[in-house]
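Data block below; observations after.
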Amino acid sequence: MFGFSKRKRSPGIDRTTSINDVCYVAVDTELTGLDEKRDSIVSIGAMRLTGGRINLGETFYRLVSPRTELTASSVVIHEIMPSEVIASPEIDAVLAEFLEFCGDDVLVGHCISIDLSFLNREMKRLRGAAIPNPAIDTLSMYAWLRKRHKTRDCFADPLAGSRLYDIVKCFGIEANGAHNAIKDAFTAAQLFQRFIPLLSEAGARDIGDLLTLGKPFEGSDQFRASGEFSDF
């Protein structure tokens, strides 16, 4: 159902490249829980963008046989049943495929530090190093843009929360399929797509700017302590 093309790795990213000319991979994971030491990955979804264009034919979705047992509470959230993952490959094989799909593209996700913490735990176990791709967070971008576009309708009203599906409603993005990795990756891709012209208007034009303003937060406590959402 979902296909992908392999991406070659380059020595590094040119930080002066226009935001519109960079290749991105919107990524999301579903987990058995949020305890990085005890829980594990159940699925990985990803979708490629070139600038603000979503490449619908270049997607990645894999179920993973988790290294920790699925619990009733986690099944309620992501709706992945034990019977669905029992014959799925383990994370070692899926991670290798995921890295091939990403190549050296810039990773995009909402609260992506959570996804990266689980992916990098497995990377360090298998390869001794974290994922080398640079990453940007749509939550960080939203906070940056909100300060610079206060009069726009999509930023004018207080949010119910900082979750992906709280924010996308402000941009007219259909909020269906929460907690499905490929659907959440697609939703994050659409949100990022909406951000690009707003970023340009606010003066962020190259990937160096984006890597600075979109730096992933290390957690919700740090995010709120930063004052970015102090007007919520």
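Provide a single number: the residues in region 102-133 that are closer than 24 Å to SER18 by Cα and more than 12 Å from the chain's Cα centre (by Cα).
Matching residues across region 102-133 total 7.
Quick one: in region 178-188, of everything that is within 19 Å of ARG48 (Cβ to Cβ) and of a type outside the set (Lys, Arg), which residue is surrounded by the fewest Cβ atoms within 10 Å (Cβ to Cβ)?
ASN180
Working only within region 131-166, note down all residues that are in contact (Cβ under 8 Å) with a residue 40 or more places away in the chain, out of contact with any Gly (no Cβ under 8 Å at 6 or more places or on another chain), aliphatic (A, V, I, L, M) and under 24 Å from ASP105 (Cβ atoms).
LEU139, ALA143, LEU145, LEU164
Each row is one residue, and each column tells you yes or no for (1) exposed (fewer than 15 other Cβ atoms within 10 Å of the Cβ); (2) over 15 Å from ARG148 (Cα atoms); (3) at pLDDT 50 or above.
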{"site": "GLN190", "(1), (2), (3)": "no, yes, yes"}
{"site": "ILE196", "(1), (2), (3)": "no, no, yes"}
{"site": "LEU199", "(1), (2), (3)": "no, no, yes"}
{"site": "LEU211", "(1), (2), (3)": "no, yes, yes"}
{"site": "PHE217", "(1), (2), (3)": "no, yes, yes"}
{"site": "PHE229", "(1), (2), (3)": "no, no, no"}
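Any residue in region 100-121 that is more than 18 Å from THR59 (Cβ to Cβ) sitting within a Cβ distance under 8 Å of a residue that is assigned to a helix (DSSP H, G or I) and among the aliphatic types (A, V, I, L, M)? List the pairs, counting only those 6 or more apart or interchain.
CYS111/LEU139; CYS111/LEU164
What about GLY203, is it at positive phi and at pLDDT below 90?
Criteria not met by GLY203.
Give VAL108, VAL64 a once-over and let me know the one that is of a type in the set (A, V, I, L, M, F, W, C) and under 15 Å from GLY33 (Cα atoms).
Residue meeting the stated conditions: VAL64.
The values are calculated or read from the model by the stated rules, or taken from the named source; none is laboratory data. Just so you know, these numbers come straight off a predicted model, no measurement behind them. Note: ideal-geometry Cβ built from the backbone for every residue, glycine included; neighbour counts use all protein chains shown.
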